[in-house]
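One structure below.
The values are calculated or read from the model by the stated rules, or taken from the named source; none is laboratory data. Fair warning: this is a prediction, and the values are worked out from it, not measured in the lab. Reconstructed Cβ throughout: ideal geometry from the backbone, glycine too, with neighbour counts over all protein chains shown. Protein only, heavy atoms only, side chains kept; ligands, DNA and RNA dropped before computing areas. Shrake-Rupley method; radii C 1.70, N 1.55, O 1.52, S 1.80 Å.
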Amino acid sequence: MENKNASESLISPKLTKALSIIIGIILFVFEIIICVQYAVKKPGPELWEVISLVCCSIILDALCFFEMYFIKTLKARIAVYAIDFVFLLCICLLTGSTYLAGLYCVILSQLYINIADLKTKVIVFVSSCVLFVVTCAIGWSITVSEMTYTEILDMVSASVVGVIMLAIHFAVLNFFIGFYRNNVKLTKALKEADENKKQLEEAYKQLSETAVFQERNRIARDIHDNAGHSMTAVIMQTEAAKLLIDVNPEEAKAKIVSANIQAKNALEQMRESVHLLAGRESVMSLKEELEEILAQTMDGADVKIRCDIGDLELAADRRRFIANSLKECLSNGIRHGGANAFYVEFGASGDGVCLTVSDNGSGLPDDFKEGFGIRGIREKATAFGGGIVFESESGDGCEIKITIKTN
């Protein structure tokens, strides 16, 4: 815990070391001034007193150096400060209170720099003020032979001035330390914000690339599933027409018509996929697109279609699903049911939409099994929160209802 406190209290290794060196120089200057002033005072001091003063000063310098390079924990710094106090007391006993407050400020500076907790700093400050007053009182009581009222007043005044100096030193130094630390935190936070921004931009870029890749895969699957299926049906229809053209021309004609519808559907699906790959969106509304599908179907086959299509807006993936489902239902009605008339309805239904395709064909056989196209419609409708329902009686047409949710 102490190591953690000590490491957190450091402003920065280089700056802390630089400040400690400056503090050591200031302390050395103060000690020279005190020693010179003491040596030239009248009457002159004894030699042992001068030697004692110099030794105390050297020891204080040594302790400052030791704390600078070797002390890492808060308890150890407090212990060194207690030793400093002993030698400060010795200096005060030899010289009186001259420059004592300055020495306290210098020594406390190094302690404040290495303490991060404000509560601990306040405790150190209050303790230092008490020690300063005690030191002044002891120094004055020894150096002054007779404590008159004037001497007592001077002692009190010197103590008050010293405490004020310590308070000003505490406030100013910790203000700048706090300002510096907040500036460092802000700089670090800004740097982390820049790094996070770069990471987010990189992640967004990767997500965008992934989304593009997934969209291209989806379009490729659509081409394979829809256009590929339609082209397979075209081949099968034309092959069947070739075999029937001599023996049953009408049936061959129906096969060719059905193949024509499938080919147009496949072409339209590939055009749409190419537009999506090129990044272009459809300029038609969903209603116009569905009506275009119906017009193409009536143009390519001898069928009649009535419709009631609402002007609704859907997301691109749901829009493509509704359009492809309509093509599949019309194609199946013509190819498998032999229908020549359809009724198509599209509109809102609850929290989604419903596409209904009714025909007058032969209806679903008793052994009806879902083919590739219908199975794909069911799977996607389920994925969109809906489903598909068939209503049919043999020989009486078929009705298909496809529902999906809008979101």
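Numbers at a glance
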| item | result |
| --- | --- |
| Computed E for Lys304/Ala383 - FRET, C-beta separation, R0 45 angstrom, nearest 0.05 | 0.85 |
| Under Karplus coefficients 6.51, -1.76 and 1.60, residue-wise ³J(HN,Hα) of region 329-335 in Hz, glycine/proline x | 5, 5, 4, 5, x, 6, 6 |
| Which listed pairs, of Lys304/Lys369; Lys380/Lys401; Lys304/Lys405; Lys264/Lys405; Lys264/Lys380; Lys327/Lys369, have C-alpha distances above 21 Å, in listed order | Lys304/Lys369; Lys304/Lys405; Lys264/Lys405; Lys264/Lys380 |
| Solvent-accessible surface ranking, highest first, for Arg306, Arg335, Arg271 at 1.4 angstrom | Arg306, Arg271, Arg335 |
| Spin-label model distance (nm) - Ile58 vs Thr210, 7 Å beyond Cα toward Cβ | 7.1 nm |
| Sequence-distant residues sharing a close amide H with Ile309 (under 5 Å, placed H) | Phe346 |
| Average accessible area per residue (Å²) across region 344-404 - probe 1.4 Å, nucleic acids and ligands excluded | 52 Å² |
| Local electrostatic count at Leu103 - Lys and Arg +1, Asp and Glu -1, tallied over other residues with Cβ under 11 Å | -2 |
| Separation in nanometres of the label points that stand 7 Å from Cα toward Cβ, at Glu251 and Ala171 | 10.9 nm |
| 5 angstrom amide H check on Phe342, placed H, neighbours 5+ away | Lys304, Ile305, Arg306 |
